[in-house]
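Below is one structure; the comments refer to it alone.
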Amino acid sequence: MLALLLVVGLFAGASLPVASNLFHPPWDKVAHAATFAVLAMLLAVALRDAHLLHGQSAISPVMALGLGWALAAMVGGADEIHQIWIPGRVADWYDWFADVLGSGVATGALWWLQGASRRAP
């Protein structure tokens, strides 16, 4: 649910003219990476916990992480395409790269933490 709210907020916020000047380079890329890191983590956790609906795990934790990353990357791409039609906004490959990188770092960190928690005595 939180992931859905974040996506709706991203698209609604991106439609506002003020959104083009919120952060100046290079901080705009940091904001992209951080936002999509949070989105990827929310998606991965939601997918991992989807088994609660049926009493058993529908997908593995690693699959949940991969899907969380892929879905966040797709939302980032859709957001950039959406900006083509917003006056004062520009679709930028570097913004999308920051989205993909941020979501990858976040899901990679979750993957590492899952492994570290299994190795702990």
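The values are calculated or read from the model by the stated rules, or taken from the named source; none is laboratory data. Please read these numbers as outputs of a predicted model, since none were measured by experiment. Here the Cβ positions follow ideal geometry from the backbone for every residue, glycine too, while neighbour counts run over all protein chains shown.
Quick one: in the stretch 1-31, which of the residues that are of a type in the set (Phe, Trp, Tyr) and assigned to a helix (DSSP H, G or I) is surrounded by the fewest Cβ atoms within 10 Å (Cβ to Cβ)?
Filtering first and then ranking leaves 27.
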*Identify the residue in the stretch 78-118 that is in a helix (DSSP H, G or I) and among the aromatic types (Phe, Trp, Tyr) and, among all such residues, is farthest from residue 35 (Cα to Cα).*
112
_residue 7 over 18 Å from residue 85 (Cβ atoms) and within 16 Å of the chain's Cα centre (by Cα)_ = no
*So which of 34, 44 is modelled with pLDDT of 95 or more and either within 19 Å of residue 103 (Cβ to Cβ) or outside any helix (DSSP H, G or I) (or both)?*
34
*Are there any pairs, at least 6 apart or on different chains, whose C-beta atoms fall under 8 Å, with the first in the stretch 78-99 and free of Cβ contacts under 8 Å to residues at least 60 places away in the same chain and surrounded by 15 or more Cβ atoms within 10 Å (Cβ to Cβ) and the second of a type in the set (D, E, K, R) and outside any helix (DSSP H, G or I), and if so, which?*
80/92
